[in-house]
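**Q** Following this message is one structure expressed as structure tokens.
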Amino acid sequence: MSGSLPIEQVRGLRPAHTENHHDRTGRTPKLDGIAVVGLGYWGPNWIRNLHQLRCARRLIACDLDAARCEHIEALYPGVATTASFEELLNDSGLDAMVIATPVSTHYRLARMALEAGKSVLVEKPLAMSCRESADLVRLSREQGRTLMVGHTFLYSAPVLKIHELIEAGELGDVLYISSTRANLGLFQHDVNVAWDLAAHDISIILMLMGRLPDSVSCQGQSHYGQAVENVALLTMHFPNNVIAFVHVSWLDPNKIRRTTIVGSRKMLVYDDTMPQEKIRVYDRGVNVHRYYDTYGEFHFSYRYGDIQIPRIEESEPLRVECQHFVDCISDGTTPHTDGLDGLRVVSVLEAANLSLRENGRTVPVDRTAV
Ligand SMILES: NC(=O)c1ccc[n+]([C@@H]2O[C@H](COP(=O)([O-])OP(=O)(O)OC[C@H]3O[C@@H](n4cnc5c(N)ncnc54)[C@H](O)[C@@H]3O)[C@@H](O)[C@H]2O)c1
């Protein structure tokens with residue numbers, strides 16, 4: 001997992017900014033052809049980045065919905081569009097595909113793309129089960145093709161900064177993590193809010209902790225007659241009493257993107273809705289002393305120290321991710337968010353789903369495949 005990577009390797013992610021603009025002056029694009037499948041809410045962001053970075057000689061946009069294809073044609077006259085996924089499979093000049101379709105279609109489309117010899121980036125979460133995810137990992141290895149997952153936050157500068165601070169021991173031992181990701185909408189039809197939103201927090205927490213939790217419990221509720229929960233609270237249990245809470249909702253008056261990490265030395269708050277100064281490190285904590293005269297009793301004193309705001313040079317995470325995908329294909333290197341990383345996140349989601357169906361029972365995380 002990316003969490004086990006040395007920090008310099010994680011930080012070695014190229015901030016995809018100016019370099020590729022030189023491509024306009026004649027540098028050869030790294031790929032012959034790349035396609036984006038799914039041009040709904042998220043896919044056009046992939047088109048924009050691939051177009052601006054000039055990653056491939058040909059960029060093709062695919063959607064079953066003709067209106068979405070027309071939308072992209074209007075924005076990017078040089079980008080070819082098609083409604084036919086099969087056409088992409090048979091296109092021998094196409095090196096890679098980005099699958100940005102609804103989650104329930106990920107496995108089927110990614111499998112066909114890998115079988116056709118394409119490298120594939122699948123948006124998060126990789127698939128709907130560990131079995132499907134493990135099958136994609138196996139197939140990508142057999143085919144010798146890159147399989148990457150769109151865990152976009154693992155390419156964001158604030159998250160990489162937090163990872164760096166934890167690895168450097170700045171916070172001490174992590175005691176607990178609490179994360180909220182809430183807003184009004186966008187309701188999905190095929191997956192619940194945990195699969196849609198908590199996938200981000202889980203990917204971040206697995207990287208920060210550098211391991212899978214031992215077990216997960218999850219509670220949630222659906223309020224609009226579908227069998228799809230629109231609010232959920234997921235609890236991840238790690239060794240040494242470390243616990244992580246993830247609250248996700250499509251039914252909240254405010255957009256909240258806030259993670260608190262409490263360490264034995266310091267505490268950190270990451271607010272991704274802030275335009276700048278997204279991270280604050282609080283030199284606050286609790287000191288525990290044993291009373292001299294009363295055996296077995298403890299006295300707590302509270303420390304209120306300085307607050308630091310680390311300087312972060314931000315670039316669009318999706319742009320960094322996009323460049324990384326293309327670099328991995330052309331250099332033959334393993335992505336930071338490879339298929340196994342996708343499988344780990346799905347293993348937590350799968351356990352959470354089982355727990356949801358059983359009123360929040362604590363469910364062990366399946367590690368057999370990872
Ligand atoms: N990484 C991120 O930060 C991030 C953010 C948002 C969404 N996503 C992910 O992106 C994916 C798409 O989400 P969305 O909100 O854009 O969904 P959406 O429903 O808005 O768009 C999906 C599009 O896929 C098209 N489609 C479906 N099946 C197809 C097929 N077989 N061939 C071609 N086109 C097909 C639909 O017509 C639709 O236009 C999901 O996996 C989601 O989890 C990732």
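Where a number appears in this text, it was derived from the coordinates with a stated rule and is not lab data. None of these values were measured; they are calculated from a predicted model. No Cβ is skipped: glycine too gets one built from the backbone with ideal geometry, and neighbour counts run over all protein chains shown.
**Q** For region 279-370, run through the GluC sites (Glu not before Pro) and keep only the ones in DSSP coil with at most 14 other Cβ atoms within 10 Å of their Cβ.
**A** On the way: sites: Glu297, Glu313, Glu314, Glu321, Glu350, Glu358; in loops: Glu297, Glu313, Glu314, Glu358.
Filter output for region 279-370: Glu297, Glu313, Glu314, Glu358.
**Q** Relative to the longest principal axis of the chain, what angle (0 to 90°, nearest 10) does the C-alpha long axis of helix 157-167 take?
**A** Helix 157-167 and the main axis of the chain meet at about 40 degrees.
**Q** Set the bar at 31 Å for Cα to Cα. Now go through Lys118/Lys278; Lys30/Lys124; Lys30/Lys278 and name every pair that lies beyond it. Mind dumping the intermediate values first?
**A** Numbers: Lys118/Lys278 37 Å; Lys30/Lys124 24 Å; Lys30/Lys278 34 Å.
Listed pairs above 31 Å: Lys118/Lys278; Lys30/Lys278.
**Q** With a cut-off of 8 Å between alpha carbons and a minimum separation of six or more residues, what is the relative contact order of region 227-299 in percent?
**A** Details: 88 pairs, mean separation 12.3, N = 73.
For region 227-299, the relative contact order is 17 percent.
**Q** Same structure again: Would you give the gap between the C-alpha center of region 161-190 and the C-alpha center of region 60-137, rounded to a whole Å?
**A** Result: 29 Å between the Cα centres.
**Q** Could you sort the peptides 90-99, 120-129, 154-163 by per-residue average Cβ neighbour count (10 Å cutoff), highest mean leading?
**A** Numbers: 90-99: 20.3, 120-129: 26.1, 154-163: 23.1.
Those peptides, ordered most packed to least, come out 120-129, 154-163, 90-99.
**Q** Region 282-370: which chymotrypsin sites (Phe, Trp or Tyr not before Pro) are DSSP loop and have at most 14 other beta-carbon atoms within 10 angstrom?
**A** Working: sites: Tyr282, Tyr291, Tyr292, Tyr295, Phe298, Phe300, Tyr302, Tyr304, Phe325; in loops: Tyr291, Tyr292, Tyr295.
Sparse-neighbourhood loop chymotrypsin sites (Phe, Trp or Tyr not before Pro): Tyr291, Tyr292, Tyr295.
**Q** Turning to a different aspect of this structure: Determine the calculated [θ] at 222 nm for the chain from helices alone, applying -39500 (n - 2.57) to every DSSP H run no shorter than 4 residues and normalising by the residue count; nearest 500 deg cm²/dmol. Mind dumping the intermediate values first?
**A** Values: 10 runs with 114 residues, N = 370.
Counting only the DSSP helices, I get -9500 deg cm²/dmol.
**Q** What is the helix-to-structure angle for 66-75, meaning the angle in degrees between its Cα long axis and the longest Cα principal axis of the chain, kept from 0 to 90 and rounded to the nearest 10?
**A** That works out to roughly 90 degrees.
**Q** In whole angstrom, and with the biggest value first, how far do the Cα coordinates of the chain range along each principal axis?
**A** Principal extents (Cα only, largest first): 80, 49, 41 Å.
**Q** In addition: PRE reach from His237 (point 7 Å along Cα→Cβ): which of region 194-228 fall under 16 Å by backbone N?
**A** Zone members listed by number: 212-219.
**Q** While we're here: Given a cut-off of under 8 Å on Cα pairs at least six residues apart, what relative contact order in percent is computed for the chain?
**A** Dividing the mean separation by the residue count of the chain yields 20 percent.
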